[in-house]
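Asks: If you scroll down you'll find the structure; I have some questions about it.
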Amino acid sequence: MNESRLAQLKALLDAEPNDPFLIYGIAQEYIAGGIFPEAKSWFEKLVAEHPDYVPAYYHFGLCLYRLEEDERAFSVWRKGVEVAQAAGNRKTALEIKELLADLADEEDEW
């Protein structure tokens, strides 16, 4: 995690509290540092305040999955597919669907 970049993002967020990209960037910095509980809090804030912010869902789901909150991760990913499709973002919807299919295949192998 880049502490300097994190501080910059938080300062920018103070100046622009309604910018979803800044919240997303902060969450991603915590992911990069392996601090998943803190990333989870920022992703929760992001999807609560900006439910149409498509990029959040893929990475929020990964964060939850790493925290072994599998059911919630799958729920977030399914919601992400809906949000991406509603926004006309077919690429992200497909990426999430492929991830879900890959994870389902892994479970079938057990």
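The values are calculated or read from the model by the stated rules, or taken from the named source; none is laboratory data. These numbers were taken from a predicted model, which means no experiment stands behind them. Here the Cβ is made from the backbone with ideal geometry for all residues, glycine too, and neighbour counts use every protein chain on show. Side chains are part of the model used for accessible areas, which takes the heavy atoms of the whole protein and leaves out ligands, DNA and RNA. Shrake-Rupley method; radii C 1.70, N 1.55, O 1.52, S 1.80 Å.
Asks: Considering each residue of the stretch 76-92, count those that are basic (Lys, Arg) and either open to solvent by less than 90 Å² (accessible area, probe 1.4 Å) or free of Cβ contacts under 8 Å to residues at least 12 places away in the same chain (or both), and give that number.
Replies: Within the stretch 76-92, residues that are basic (Lys, Arg) and either open to solvent by less than 90 Å² (accessible area, probe 1.4 Å) or free of Cβ contacts under 8 Å to residues at least 12 places away in the same chain (or both) number 2.
Asks: Do you know which residues across the stretch 11-34 are surrounded by 14 or more Cβ atoms within 10 Å (Cβ to Cβ), in a helix (DSSP H, G or I) and either touching a Pro at 6+ places or on another chain (Cβ under 8 Å) or of a type outside the set (A, V, I, L, M, F, W, C) (or both)?
Replies: Across the stretch 11-34, the qualifying residues are 20, 24, 25, 28, 29, 30.
Asks: Sticking with this structure for a sec: Evaluate the stretch 52-75: report whether one residue or more is open to solvent by 70 Å² or more (accessible area, probe 1.4 Å), touching a Phe, Trp or Tyr at 6+ places or on another chain (Cβ under 6 Å) and of a type in the set (Lys, Arg).
Replies: The answer is yes, given that some residue of the stretch 52-75 is open to solvent by 70 Å² or more (accessible area, probe 1.4 Å), touching a Phe, Trp or Tyr at 6+ places or on another chain (Cβ under 6 Å) and of a type in the set (Lys, Arg).
Asks: Being assigned to a helix (DSSP H, G or I), more than 17 Å from residue 45 (Cα to Cα) and either in contact with a Leu (Cβ under 9 Å, 6 or more places away or on another chain) or polar (S, T, N, Q) (or both) is the filter here; which residues of the stretch 72-110 pass it?
Replies: If the condition is that a residue be assigned to a helix (DSSP H, G or I), more than 17 Å from residue 45 (Cα to Cα) and either in contact with a Leu (Cβ under 9 Å, 6 or more places away or on another chain) or polar (S, T, N, Q) (or both), then 74, 78, 81, 84, 85, 92, 99 are the ones that fit.
Asks: Assess whether residue 43 counts as being open to solvent by 40 Å² or more (accessible area, probe 1.4 Å) and in a helix (DSSP H, G or I).
Replies: no
Asks: So, one more: Somewhere in the stretch 97-107, is a residue open to solvent by 40 Å² or more (accessible area, probe 1.4 Å), at pLDDT below 95, out of contact with any helix residue (DSSP H, G or I) (no Cβ under 9 Å at 6 or more places or on another chain) and not charged (D, E, K, R)?
Replies: The answer is yes; a qualifying residue exists.
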